[in-house]
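Enquirer: Below are the structure tokens for one structure; questions will follow.
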Amino acid sequence: MSSRNQQLFERAQRHIPGGVNSPVRAFRSVGGTPLFFQKGAGSQVQDADGKWYTDYVGSWGPMILGHAHPEVIAAVQAAVVDGLSFGAPTEKEVEIADLLCELVPSMEMVRLVSSGTEATMSAIRLARGYTGRDILVKFEGCYHGHSDALLVKAGSGALTFGNPSSGGVPASTVATTLVLPYNDPQALAEAFKTHGDQIATVIVEPVVGNMNLIAPTAEFLKAMRELTAKHGAVLIFDEVMTGFRVGLKSAQGLFSITPDLSTFGKVVGGGMPLGAFGGKRKIMEKIAPLGPVYQAGTLSGNPIATAAGLATLKLIQAPGFYESLTAKTKSLCEGLVGAAKTHGVAFSAQNIGGMFGLYFAEQCPGTYDAVLHCDKEAFNRFFHAMLEAGHYFAPSAFEAGFVSAAHSEAEIAGTVAAADAYFASLK
Ligand code: HOZ
């Protein structure tokens, strides 16, 4: 008899393309049937067959407190009874805007939206409107949501204009998107030398989480800040993934770099659809109704989403929160590396705050090319063995993983023990 997961997946495919509402969920990269979840509690998620897993995906980042945190649930329940949406301002929007500007060093003004994709798309429009220039620079392997101008694959060579990497994106839309290699300050300097007076903005994931985890070099971030400032381009830190995940001041606080604009999503909404973009007042004042750059949304600043976001942002300010989260994520990485080493498996891992990368390679990669050289098939076998043992990692070798405050050291030790048993079985 087929499992309920399988039955649901078969049924889903009738009316939902690929049976999923976001492609990476389809398990195409790792093979097999995607899990349908019915419940989450703390660090655990339960699938449609009733099996529980220790969750290292955390809804791709938002669930930093774990699933169904009582204070977040209470805040949402309290908000729900007062109405679901008004399409008009509410006090909670003001509260969360104040808090974001207080917590994140570069934020002087902020606009709330409903997703990370909206945040990055709007920040780019704003940067172009502010500078009056067209060229957008992005980096190979960085993902900034699915708006047209950002869906560009890397061309070979450092200084090529991109081609669409998705059907349906007109070549003209991406003709002004320039794709450069990540962690390559020289390529960025060349781009500014050639196009400096036409570059509106450089957008970057300050720690990449969308080609597995890639840590930035200090030189790369420094060069980016200096070159954008020198040429009058807007530097956008896409902190949708890193925001409140790598530290309370986000990646910009961790690396002491002040971007001109930043984008947020995931943790900021505590699991509800909420995003934000913000930064320098003189740039933000170009947005309608103050300025000529249009941006809007019926559900922007939704009262339920802001309730969940505020409750989450309050709890992550607890003393020692990030020290503990970082230590737990580190013990997961170190434990897995130790187990792999014991059994002679080529494997490496690293974390920055509560996000981590696992690589079937001797060393942690620092570039897109190096990530592509990791052993994807070995990851896929590991993924399925761990899933079978009740440990849920991202279903792709090209995604970062996440630990929550609800994960206990004992649960992490259990995951390491399961990995140890799997690595031992490979001999
Ligand atoms: N954009 C997410 C991966 N980096 C996946 C979102 C989802 O499938 O929910």
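Enquirer: Taking region 26-46 only, how many residues are basic (Lys, Arg) and more than 23 Å from ASP375 (Cβ to Cβ)?
Expert: Here the count works out to 1.
Enquirer: For the condition among the hydrophobic types (A, V, I, L, M, F, W, C) and in a strand (DSSP E or B), what is the one hit in LEU227, LEU254, LEU235?
Expert: LEU235
Enquirer: For region 51-59, does any single residue satisfy the condition of being away from the ligand (no atom under 13 Å from the Cβ) and either at pLDDT below 95 or in a helix (DSSP H, G or I) (or both)?
Expert: no
Enquirer: Let me confirm something: among PHE393, PHE356, PHE383, PHE360, which residue is surrounded by 14 or more Cβ atoms within 10 Å (Cβ to Cβ), over 23 Å from ILE64 (Cβ atoms) and touching a Phe, Trp or Tyr at 6+ places or on another chain (Cβ under 9 Å)?
Expert: Just a single option satisfies the conditions, and that option is PHE360.
Enquirer: Would you point out which residue out of ALA361, ALA406, ALA370, ALA385 is of a type outside the set (Asp, Glu), within 17 Å of GLY335 (Cβ to Cβ) and away from the ligand (no atom under 16 Å from the Cβ)?
Expert: Every option except ALA385 fails the conditions.
Enquirer: For region 404-416, which residues satisfy the criterion of being part of a helix (DSSP H, G or I) and touching a residue at least 40 places away in the same chain (Cβ under 8 Å)?
Expert: GLU409, GLU411, ILE412, ALA413, GLY414, THR415, VAL416
Enquirer: Cβ-Cβ distance below 8 Å, separation of 6 or more or different chains: which pairs start in region 18-34 with a residue that is part of a loop (DSSP other than H, G, I, E, B) and end on one that is charged (D, E, K, R) and within 11 Å of the ligand (Cβ to nearest atom)?
Expert: Once the first residue is part of a loop (DSSP other than H, G, I, E, B) and sits in region 18-34, its partners that are charged (D, E, K, R) and within 11 Å of the ligand (Cβ to nearest atom) give PRO34/ARG25.
Enquirer: Still on this structure: Can you tell me which of PRO62, PRO17, PRO89 is within 16 Å of the ligand (Cβ to nearest atom), out of contact with any Lys or Arg (no Cβ under 9 Å at 6 or more places or on another chain) and either farther than 23 Å from SER115 by Cα or not aliphatic (A, V, I, L, M) (or both)?
Expert: PRO17
Enquirer: Okay, moving on. Identify, please: which residue in region 234-250 is among the aliphatic types (A, V, I, L, M) and more than 16 Å from the ligand (Cβ to nearest atom) and is, among those, nearest to THR117 (Cα to Cα)?
Expert: ILE236
Enquirer: Further, regarding this structure: Does VAL76 count as in a helix (DSSP H, G or I) and either crowded, with 21+ Cβ neighbours inside 10 Å or free of Cβ contacts under 8 Å to residues at least 60 places away in the same chain (or both)?
Expert: No, not satisfied.
Here's the yes/no breakdown for (1) part of a helix (DSSP H, G or I); (2) over 28 Å from LYS249 (Cα atoms):
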{"position": "ALA346", "(1), (2)": "no, yes"}
{"position": "ALA349", "(1), (2)": "no, no"}
{"position": "GLU362", "(1), (2)": "no, yes"}
{"position": "ALA378", "(1), (2)": "yes, yes"}
{"position": "HIS384", "(1), (2)": "yes, yes"}
{"position": "ASP420", "(1), (2)": "yes, yes"}
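Enquirer: Looking at (1) in contact with a Pro (Cβ under 7 Å, 6 or more places away or on another chain); (2) over 24 Å from HIS146 (Cα atoms), find the lone condition where PHE37 falls short.
Expert: Here PHE37 clears every test but (1).
The values are calculated or read from the model by the stated rules, or taken from the named source; none is laboratory data. Everything numeric in this text was worked out from a predicted model, so none of it was measured. Quick reminder, even Gly has a Cβ in these numbers, built from the backbone with ideal geometry, and neighbours come from all protein chains shown.
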